[in-house]
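Report on one structure; see the data block that follows.
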Amino acid sequence: MKNLELSALVNLQSIDSKIYKLNELINQIPEQVDEQNETLVVFDNKMKEVQEEVSIAEKAQKDFEGQIQMLNEKLKEARSKQAMVKTNNEYNALSNEIENDKKKIDLIEESLLEKLEILPDLQEKIRDVESELKVEGQKVSVKIEELNSKKKSYEEELNNLIEEKNNLSSTISKNWLNLYETLLEGKRSLAVSPIVERNCQGCKMSETLQRFFEIRDSEDSIFTCSHCGRILYYKETEIEETSISAQDEVQR
């Protein structure tokens, strides 16, 4: 490229494109870290669910044991009264009460046995989830460390590019640099665009043939797109580049 200032603008665009991409990558890191932590939340919720099941089962166990104790005390009292009653009616009434309480105890003991049987399974389930959580936590820690390492590397590269950009910007005139910065902000981070076969690659609109030749052949002027205002530079098509390379080979 013969125009040094235009060449600097093209290089500046290349640097800013890399800066834009790096900023995107850096901004994605926190979200990626959150996604990793979210996998632990799933296991943590699973753990809480199992712990809640254990808590409910243990509470039911205590309630059943309390009911059985209360009924046994009631039975003991009824038997004591039974030994002192004077009529058959009173004796039979106490016998019925004792029998009913014994049936209640049998039913409660069956329910208690069910809870006692599932508790070991729930405790084992907790140990399994704890083990899974530990393994997953180690994996997440490694991935987060990798992400933070990437972020640090991106930031170092970004700082180098910013320094390179500042040095290059100092070689460009104020007017063109101001236009470049304005376009960069308003044109989706693309201020300088190649023109290929008369078409601006920024807006895809076509220049007139005469203006295209002016852009292509100019050695000291800088042109902007007639449609989107981006700074333009001529870029050969693949066919043209191949043709030129072939001519070079022949000349050699």
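Mind scanning Lys48/Lys143; Lys151/Lys187; Lys152/Lys204; Lys21/Lys204; Lys46/Lys103; Lys150/Lys187 and naming the pairs with a C-alpha gap bigger than 32 Å? Numbers along the way, then the final one.
Numbers: Lys48/Lys143 25 Å; Lys151/Lys187 27 Å; Lys152/Lys204 37 Å; Lys21/Lys204 22 Å; Lys46/Lys103 38 Å; Lys150/Lys187 29 Å.
With Cα atoms farther than 32 Å apart: Lys152/Lys204; Lys46/Lys103.
Hey, fewest Cβ within 10 Å first, where do Glu99, Glu5 land in order?
On the way: Glu99 12, Glu5 15.
Fewest to most other Cβ atoms nearby, the residues stand as Glu99, Glu5.
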For the range 1-24 and the range 49-82, compute the distance between their C-alpha centroids and round to whole Å. 79 Å
Put +1 on the Cβ of every Lys and Arg and -1 on every Asp and Glu Cβ in the chain; which of Asn100, Leu133, Leu22 then has its Cα farthest towards the positive end of the dipole? Asn100
Using only alpha carbon pairs under 8 Å that are at least six residues apart, calculate the relative contact order of the range 13-169 and give it in whole percent. 49 percent
By count of other Cβ within 10 Å, fewest leading, how are Ile56, Ile215, Ile144 ordered? Ile56, Ile144, Ile215
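List the equivalent ellipsoid semi-axes of the chain in whole Å, largest first, each obtained as the square root of 5λ for an eigenvalue λ of the Cα gyration tensor.
89, 18, 17
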Rounding to the nearest 10 and keeping the result within 0 to 90°, find how far the Cα-based axis of helix 174-186 lies from the longest principal axis of the chain. 40 degrees
Modelling each spin label as a point 7 Å along the Cα-to-Cβ direction, I'd like the Gln28/Lys104 distance in nm, to one decimal. 6.8 nm
Can you divide the C-alpha Rg of the range 6-48 by 2.2 N^0.38 Å and report the result to two decimal places? 2.08
Note the angle between two axes, namely the Cα long axis of helix 4-82 and the longest principal axis of the Cα atoms of the chain, as a number of degrees from 0 to 90, rounded to the nearest 10. 0 degrees
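Going by how many other beta carbons lie within 10 Å of each one, how would you line up Met70, Met84, Met47, fewest first?
On the way: Met70 12, Met84 9, Met47 16.
Ranking Met70, Met84, Met47 by Cβ neighbours within 10 Å, fewest first, gives Met84, Met70, Met47.
Just so you know, all these numbers are worked out from the coordinates, no wet-lab data involved. As the structure is a computational prediction, the values presented were derived from the model and not from experiment. Quick reminder, even Gly has a Cβ in these numbers, built from the backbone with ideal geometry, and neighbours come from all protein chains shown.
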